[in-house]
Structures are given as C-alpha cells and as structure tokens.
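Structure record follows, encoded as structure tokens.
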Amino acid sequence: MNDATFIKPAAGRPAAGAPAIEARDLVMRFGADGPSPVLAVDRVSFSLAPGEFVSLIGPSGCGKTTILNLLTGLLHETPEGKLEVLGKPPREGNPDIAYMLARDSLLPWRTALENAAYGMEIRGVPKQERETRALDLLKQVGLGDFADKYPKALSHGMRQRCALARTFALDSPVLLMDEPFGALDAQTKLTLEDVLMNLWSAHRKTVVFVTHDLAEAIALSDRVVVMSARPGRIIADVPIDLPRPRSVRKLQSDHRFHDLYAQLWGLLEQGTTGDE
Amino acid sequence: MNKVLRLSLGHVVFIVAFIAIWEFASANRLLDPTFFGRPSGIAAYIWRGFVTERTLWNDLFYTVLAATIAFWAGSIAAVLVGLLFAMVPKLHKACEPYLTLLNAMPRIALAPLFLLWFGLGIGSKIAVAVSLTFFIVLSSTVAGIRGVNSDHLVLSRALGATPGQIFFKVTLPSAVPIIFSGLRLGLVYALLGVVGAELLAAEHGLGQVLAYLQSTFDMDGVMALLFLLALLGLSITFIMNWLERRLLVWQ
C-alpha cells in the first residue's frame, strides 16, 4: 500500500516517507463565535502517502467537503488540530493543489483548449507551454478533436473530461476532487472513472477523492476512509487490495470487489444510523 | 429553402394586397385620407423628401447623430459606473435609492427642463436620450456582474487568482451577454428619447418634422415619418443582432 517508493521526491518537497497530506485531531466548528456553533468535523486523523489515492465517503453533511475545503484553504474560519499539505499548512491558491469541483465549471466563453489551459494561465505558465500541455491533456482524455469547441457544444461527460484535463494539466502533486462525477449518468460515470484511472496511472498524483458512491470509491482507491453522519468522524479506514491497473468496468463483475462493497456498506450503514 | 421562399412570397402578397386595399379604400372615400393618408401620397412624400427636394436627409442626419452620441455617452458612462459599483459595493448601496427614484420617473417628462437648459439644438435631445439609455445599461451591467457563476469564482480562488485576474478573466466576460442585451435596449431607447424630445421642440430632426406635419394635417407625411422611424428601429435591431453573433459566438 505504500506507493511512496516509486515517487521521486522533487526539490523542496518532503522526502519519501513523509506524508503528502496529514490531518491530526482535526476539529472544525462553523460559527464558533455565534450562538449556535455547528460541529462539522470531529477529531479526524488521517494521512496520505505521496501518490496515494484515497476516497472519503460518508452520508451527506458528514464533513467530507469541509475537509477538502480546509485543504484548499478556501474557508475563512480556521480549524483546530493539525492539517498539512506537503508539510505546510493550507493556504488559498496553493500551487501544490489542483481542485476539481462536482460541476465542470468550464468558462463558457473559452474553447475546450482555453479551458484546459485556464488553471495554468492563472498560475503564470507561458502561453506556448500551456497550450502544448493543454492539448496533450485533451488528447489523453479523448478530446483531441474537440479542442476548438465551446462548452455548449460538448456533452456533460465531455465537459467533465475537459475539467479533468484542466486539473491534470496543472501538474500539482496533490489533487482534491469533490464528487467530480456526481452529476453524470451511470454509463458516462464508468467511462470517466476509467479516464481518471488512466490519467492517475500516468501522472501518479496524491488524490483525495470525495464521493458518496461506494462502488466508485472502491474501484478507484488505494484506501477508503468511511465517515459517520455529522459531526463527521472517521469510523473506518479500509485498504483496497484489488490489483492495479484496474478497469472500473471489469471490476463490476469481480467478486473481491463485491466483498469489499458489502463490508464497507455495513460500515457506512452503521455510521448513517448514528449507532455510536 | 423552398419553404423560406414560399414564406417570403406570402409576405409580399400580403403587403401588396394590404397597400392595394388601403389605396382603393382611400380613393373611394371608404377610408378618410385626412386621417389615414393614402399609400400613393406617402410614397410621393418619401420620394420628394429624399430624391427631389431632399429635405429629409438633414433631419434624418440630426436624429441619427443625436441617438448615436446619446447611446455612446450613456452606455460608456453606465458601464463604467456599473463596474465602479461592482468594485465598491458600499457606493452602490448608498446610491441605489436615488437611482431607483430617478429610474422610476418617466424620463420624457424631463424634456421640457432639458429644453430650457440646453436649448433647441442637439444638446437637449441627447440629454433626454442619455437619461434613458444610462439607467438601462447600468442595471444590466450590475445584473451581469452579480450573475457570475460562483463555481467559477471558487475554482479561480483555489487556483490562486488575484482579484484583478478574477475580474478580467471571469466576472467581466461572464457579464458581457447581459450587458449586451442592455446595450441593445439602450440603443432603442436612445432613439426613443431623441424622437420624443424632438416632438416637443427642436430645430431639426425627424420628430420635429413629424410634429409639424401633424399640426398641418399632412397625414401622408405623418405616415411616411412613422414608416421611416420603424425602419430606423429595425435597422438598429439588425445591427445589434449582427454584432451579437460576431461577439458572442460561444453562446
């Protein structure tokens, strides 16, 4: 499970062995100063080795997205406890992080190519370089022939492919994905999951993947972290020992996949019913 | 193609029939030409105005010139103020009640005041038209900037975009379609303001000619002027549609 061995530590980044993401006793209270503070995340600890793909799963409102938002540094309120990305506390606009939202959030006035290059543009990558890289990524997600199309001409699945291209084109070591395929139909979702697996195998980023789709979490991840209903706590951290490379489509008929599904489903049920 | 051809043929037949019946009814006193004019008289008036006596060119020029100046001045000011409001929300909040009050007033009622201030020349009608155009474009600019997709903002912030980058790469382009629909209306209202002010009093302009023809019971002339103004409004719409198609291909 320790994939750290085949990640070369880049300059200025923690050496192999140091976690890419670490949370210890993380507590997040919204409106802590107000009359009715809401405890969203309660004493959560987890860590990700570089290059690891970990899913956070749990009922809605369990604080999964809150944890992602804390990692991006987008929240104005600060948590208690320790939270580090590549050994540094989170901050807004951290170039080590690429963030992908549930909706594609493509800019409708930009072509697929310009959208795939948008993240790099904000981060100051020179025009020539970012266009080459954006086109390369569009080809990797199967949109090579659609580089000049505007989002209105693309299907939902294609738009999310373009968002994947934008995310991976950033070449950030850490990817945070908030239910990126949540709005897609079942068939498109399977296809996109395989696209993501191919990209991840090729680029080997550390990924925190938030989802409420258990099958998706198992099919993609090295580990699945199960959270309880609010206040969010970690109730299980289950390694997924399915061999890689995986095809999400082929896994649908794999019995080990279904065993894991049954095991995790039980844990998830416990967490939802608040059986504490 | 065949369908389009048949449709346009249908329009031609309808218009020819309409004019023929109108002409016939006026000639046979079924319709009083004193109140409705007659097509041949209207055509003759336009012919005189633009070909033989050529008096209408001058008035057309003044009307179009005033509407154009008013449109540009009003729109540029409105977009700038709208952007300023977007940058300084407190200023917007402070100004809003006054703007609402001004916007609620039927602006054409300002025309007598502007005539006193700016005289019978081009200034007074520009002022009336600007007072209409400005508010329409301002409210669409503010609405456009407010309507920015919050996902785009979250994504850009997570990427580390500066406020300037967010403004020029996200907020402004996303507001363009709504600002544009405001500009389209703004141009129509600029023409309305100019003609309205000319009807009241002016040295030159189609509105002033219309008021004169009405007071002398020249119904052929009145109808001809109405026809010209409709054509003018139509060409504005065509120009704006063409511009929109060119500028907003992504929509």
Every residue from segment A:20-41 that is in contact (Cβ under 8 Å) with a residue 24 or more places away in the chain, exposed (fewer than 15 other Cβ atoms within 10 Å of the Cβ) and either hydroxyl-bearing (Ser, Thr, Tyr) or touching a helix residue (DSSP H, G or I) at 6+ places or on another chain (Cβ under 6 Å) (or both): none
Out of B:Leu120, B:Leu84, sole residue that is part of a helix (DSSP H, G or I) and either in contact with a helix residue (DSSP H, G or I) (Cβ under 7 Å, 6 or more places away or on another chain) or of a type in the set (A, V, I, L, M, F, W, C) (or both): B:Leu84
Search result, residues across segment A:65-98 that are within 13 Å of A:Val27 (Cβ to Cβ) and either touching a Pro at 6+ places or on another chain (Cβ under 7 Å) or not hydrophobic (A, V, I, L, M, F, W, C) (or both): A:Thr66, A:Leu70, A:Glu77, A:Thr78, A:Pro79, A:Glu80, A:Gly81, A:Lys82, A:Leu83
Tabulated pairs, segment A:213-232, first in contact (Cβ under 8 Å) with a residue 12 or more places away in the chain and farther than 14 Å from A:His258 by Cβ, second surrounded by 24 or more Cβ atoms within 10 Å (Cβ to Cβ) and among the charged types (D, E, K, R), C-beta under 7 angstrom, 6+ apart or interchain: A:Met227/A:Lys64
Residues of segment B:68-125 that turn out to be in contact (Cβ under 8 Å) with a residue 12 or more places away in the chain and of a type in the set (Lys, Arg), as a count: 2
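Residue-wise test of (1) surrounded by fewer than 14 Cβ atoms within 10 Å (Cβ to Cβ); (2) more than 14 Å from chain A (Cβ to nearest Cβ); (3) within 19 Å of the chain's Cα centre (by Cα); (4) small (Gly, Ala, Ser).
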{"residue": "B:Leu200", "(1), (2), (3), (4)": "no, yes, yes, no"}
{"residue": "B:Gly205", "(1), (2), (3), (4)": "no, yes, yes, yes"}
{"residue": "B:Leu225", "(1), (2), (3), (4)": "no, yes, yes, no"}
{"residue": "B:Leu231", "(1), (2), (3), (4)": "yes, yes, yes, no"}
{"residue": "B:Trp250", "(1), (2), (3), (4)": "no, no, no, no"}
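Looking at segment A:80-108, which of its residues are farther than 17 Å from A:Met158 by Cβ, surrounded by fewer than 20 Cβ atoms within 10 Å (Cβ to Cβ) and within 7 Å of another protein chain (Cβ to nearest Cβ)?
Hits for segment A:80-108 are A:Glu92, A:Gly93, A:Pro95.
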Residue in segment A:42-65 that is modelled with pLDDT under 90, loosely packed, with under 13 Cβ neighbours inside 10 Å and within 14 Å of chain B (Cβ to nearest Cβ) present: no
Failed item, numbered, when B:Ala158 is tested on (1) within 14 Å of chain A (Cβ to nearest Cβ); (2) within 22 Å of B:Asn241 (Cα to Cα): (2)
Pair list, Cβ < 6 Å and 6+ apart or interchain, from segment A:134-152 residues that are within 14 Å of another protein chain (Cβ to nearest Cβ) to residues that are surrounded by fewer than 19 Cβ atoms within 10 Å (Cβ to Cβ): A:Tyr150/B:Trp250; A:Pro151/A:Pro108
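The values are calculated or read from the model by the stated rules, or taken from the named source; none is laboratory data. Keep in mind it's a predicted model, so treat the numbers as computed, not measured. In this analysis, Cβ positions are derived from the backbone assuming ideal geometry, glycine residues included, and neighbour counts consider all displayed protein chains.
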